[in-house]
Amino acid sequence: MLRLTKKADYGLMALKYLAEQQQFSASGVAAASAKAIAEAYHIPPQLLAKILQTLAKAGLLVSHAGTNGGYALARPSAEINAFEVIRAIDGPLFITSCITIHGTCDLAGHCTIKEPLRKVNDSIKDLLSGIHIADLVESDAAPANALAGGLVSIAL
């Protein structure tokens, strides 16, 4: 089974939270503190703060300083996909060690599964790229859109 890391889960949850806040904000832009997000989802605050900083460095969030500061989405939630969130937090997604940026493997001349595994890896990337933060918000309102009962669960 392929699983997302806790950090990736928390990152997706935080972006979903911010998208929901933005949806109900009169100005269309809503900043929330790391503490508020951590409390809403029972996430360790220090870990979430690091994840939010990583997402801000990746350009997915903007940080606002001050009393009413916090984090806000850098782009509309319909323009941020799950793949870029996961990649920002965990780095490149490879389901096996032979599917790498460099494509090198000790068994390159004898392996018969690299190409099928590359296709699986590409399919997962395409699936995650097609899931936008806005879709996660809408999935609460319409349970029929939910993927495997959670954010993302892919069994291989």
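The values are calculated or read from the model by the stated rules, or taken from the named source; none is laboratory data. Not measured: the values here are computed from a predicted model. We work out accessible area using only protein heavy atoms, side chains counted, and drop any ligands, DNA or RNA first. Shrake-Rupley method; radii C 1.70, N 1.55, O 1.52, S 1.80 Å.
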Fill in: Nonlocal amide H pairs with Gly70, under 5 Å, H built at 1.01 Å
His64, Ala65
Item to complete: Figure the gain on full extension for Ala58 and Arg3 (residue separation times 0.36 nm, minus the Cα-Cα span) and round it to one decimal in nm.
Response: 17.6 nm
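In terms of solvent-accessible area of protein heavy atoms at a 1.4 angstrom probe, what is the ranking of Tyr41, Tyr10, highest value first?
In descending accessible area the options line up as Tyr41, Tyr10.
With respect to the cross-link table entries Lys50/Lys119; Lys7/Lys35; Lys57/Lys119, which display a Cα-Cα separation exceeding 26 Å?
Too far apart for the 26 Å limit: Lys50/Lys119; Lys57/Lys119.
Where does each of Ser33, Ser123 land when they are ordered by accessible area, with a 1.4 Å probe and the largest first?
On the way: Ser33 45, Ser123 70 Å².
Largest to smallest exposure gives the sequence Ser123, Ser33.
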Item to complete: Would you kindly find the accessible area of Arg87, with a 1.4 Å probe and non-protein molecules such as ligands, DNA and RNA excluded, rounding to the nearest 10 Å²?
Response: 120
